[in-house]
Amino acid sequence: MKNSHVSIKWKTFSIFLIFTIVLLGVLWFFQIVYLDDFYKIIKRQETEAVLNNVESLIRTTDDCSDDIEKIAANHNLGIFITDQDGNSIYNAEYIYNSQMSSIPPFLFGVFYDEAVANGGEAVIEYKGSEMQNKIREVLDSLAPIQDEEPEPEGRIAYTIPPQKDPGQFRQNIGDDMAESVIYVRVIDVDDSKEVIMINSVLTPVDATVSTLKAELKYISIILVVIAFVLAVGLSRSISKSIIKINDGAKKLASGDYSVKFNSHDYTEVAELSNTLNYAASELGKADSFQKELIANVSHDLRTPLTMIKGYAEVMRDIPGENTPENVQVIIDETERLSGLVNDMLDISKLKAGTITIQPEEYNITESIRHVLERYNKLREVDGYTIDFVYDDEVNVYADEQKMYQVLYNLVNNAINYTGDDKKVTVTQRVLDNTLRIEVKDTGEGVKQEDIPYVWDRYYKDSAAHKRAIQGTGLGLSIVKNVLELHGAKYGVFSTKGQGATFWFEIPINPYEE
């Protein structure tokens with residue numbers, strides 16, 4: 001079946017390259033399409049800020065001509081300040097062909113009236129030809145004004161001084177001028193009105209756009225090449241580590257637990273390598289323990305089955321051998337088989353979380369004595385010594401059946417691994433509201449490096465195992481899971497050549513503070 005997934009190398013390459021192309025597209029779009037609009041917005045905002053600054057100077061400074069000159073020069077603006085009749089107060093023009101100071105009175109009146117009508121401000125946008133048309137319309141609409149007729153109060157007489165031909169102004173602001181904006185603001189200063197007019201030229205950006213297009217072509221080619229090279233290098237760098245880890249993981253999945261992961265290019269990859277190395281180590285140990293379990297279980301199953309079969313055949317074939325002793329041997333071996341199967345079922349249920357505890361108050365001291373009574377025959381026949389050291393009878397609140405299993409497995413484990421003196425000691429101590437049980441043997445002890453693994457379900461130290469009683473390596477794992485169900489503390493401490501002591505602590509009354 002064809003693989004439909006995309007390689008991480010090509011996916012990384014594609015994402016990096018697509019990102020570069022999109023970035024270039026956005027750059028082209030805003031630099032070419034909206035450059036003119038952005039320029040106009042910025043220029044107008046700058047002019048409005050200057051207008052506010054000039055107004056502040058007029059209101060707070062007696063002589064602000066120098067400051068206005070500096071502002072006009074720094075921003076390439078024309079600043080013309082008049083009274084309400086159009087008489088010049090300040091004039092600073094730093095625009096080519098600016099004719100703000102020679103604006104016809106009738107045109108000044110138009111600007112003034114428009115500002116007053118708009119609440120004291122007006123914005124006049126025009127090009128040279130547009131202003132010519134505006135002047136022509138105004139001239140055509142003005143009727144001759146007779147000098148002898150008085151003007152209404154508050155109205156400006158729009159007369160055309162003979163020394164200032166409107167055509168001259170029309171020529172100066174004609175087609176040679178670019179698109180312009182005149183900001184008009186009428187302000188009150190000392191019971192009189194003053195008019196601030198600021199002229200800003202919006203320089204055409206067509207030449208700039210053409211230049212940017214030429215530059216962006218080369219920039220785009222260079223960026224695409226660089227992005228291609230970076231994408232290839234980065235994708236290979238990332239995919240190399242992943243591919244290497246993937247190859248190692250395949251070997252691990254096939255059962256090769258000796259595989260090592262050494263990819264440390266990136267933090268995440270290094271952490272993944274360390275995790276897989278740990279997983280390989282743990283799987284290797286589990287596999288080794290499992291193989292040992294199978295070997296032990298096979299041996300422990302074979303031995304009682306062989307004995308049961310042998311005794312049964314003897315009882316069948318030889319008259320008089322159907323004795324209680326032979327029958328008891330068959331019963332004992334059957335019980336060993338049942339114990340083995342029960343241990344395997346119990347550990348499976350505990351790991352699956354299907355076993356729950358049913359705590360009740362009972363005498364755990366008496367329960368320990370019952371456990372030790374099961375080994376009376378071992379004491380008599382094989383010379384084992386099992387001591388029980390305690391001060392008082394103690395009641396605890398726990399699951400009696402499960403705790404009996406814990407005690408039995410700990411004692412059974414101690415007997416399996418005790419020394420040549422065949423001595424096992426069980427100690428019961430009360431510490432405040434806590435009961436501590438210790439089971440000590442006199443064997444070789446547990447190696448320090450093996451202590452973290454003694455509670456594993458497949459662990460068995462075959463080198464030290466006396467096999468006085470057969471086991472499967474499941475007993476301590478059952479102990480661990482049952483104690484955890486009770487919320488008990490547990491552990492083991494061992495000294496080489498002096499045996500090991502397994503212990504657990506459980507509250508006597510879990511409801512007592």
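Summary table below
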{"quantity": "Förster radius 41 Å - calculated FRET efficiency between Lys489 and Ile15 (Cβ-Cβ, nearest 0.05)", "calculated": "0.20"}
{"quantity": "Stretchable slack from Ile331 to Thr211, in nm (0.36 nm times residue separation minus alpha-carbon distance)", "calculated": "32.9 nm"}
{"quantity": "Cα-centred dipole magnitude for the range 356-507, charges only on beta-carbon of K, R (+1) and D, E (-1), debye, nearest 20", "calculated": "580 debye"}
{"quantity": "Length gained when the stretch Asn87-Asp256 is fully extended (0.36 nm per residue, less Cα-Cα span)", "calculated": "50.9 nm"}
{"quantity": "Computed E for Thr356/Leu283 - FRET, C-beta separation, R0 22 angstrom, nearest 0.05", "calculated": "0.15"}
{"quantity": "Of Lys70/Lys217; Lys285/Lys402; Lys309/Lys377; Lys260/Lys489; Lys260/Lys496; Lys244/Lys480, those spanning more than 30 Å from alpha-carbon to alpha-carbon", "calculated": "Lys70/Lys217; Lys260/Lys489; Lys260/Lys496; Lys244/Lys480"}
{"quantity": "Inter-site label distance for Val389 and Thr267 at 7 Å from Cα along Cβ, in nm", "calculated": "5.3 nm"}
{"quantity": "Met100, Met315 arranged by Cβ crowding within 10 Å, fewest neighbours leading", "calculated": "Met315, Met100"}
{"quantity": "Cβ-placed point charges (K, R +1; D, E -1), dipole of the range 256-351 about Cα centre in debye, nearest 20", "calculated": "100 debye"}
{"quantity": "Proxy reagent accessibility, fewest Cβ within 10 Å first, across Val424, Val439, Val224", "calculated": "Val224, Val439, Val424"}
{"quantity": "Footprinting exposure proxy for His370, His75 (fewest neighbouring C-beta atoms within 10 Å first)", "calculated": "His370, His75"}
{"quantity": "Solvent-free Debye scattering, log10 I(q)/I(0), computed from the Cα coordinates of the range 211-289 at q = 0.20, 0.26 Å⁻¹", "calculated": "-0.85, -1.11"}
{"quantity": "The range 256-351: Cα Rg divided by the 2.2 N^0.38 Å rule of thumb", "calculated": "1.89"}
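Taken together, the values in this text are just the output of simple stated rules run on the coordinates, not laboratory data. Since this is a predicted model, take the numbers as computed values, not measurements. In this analysis, Cβ positions are derived from the backbone assuming ideal geometry, glycine residues included, and neighbour counts consider all displayed protein chains.
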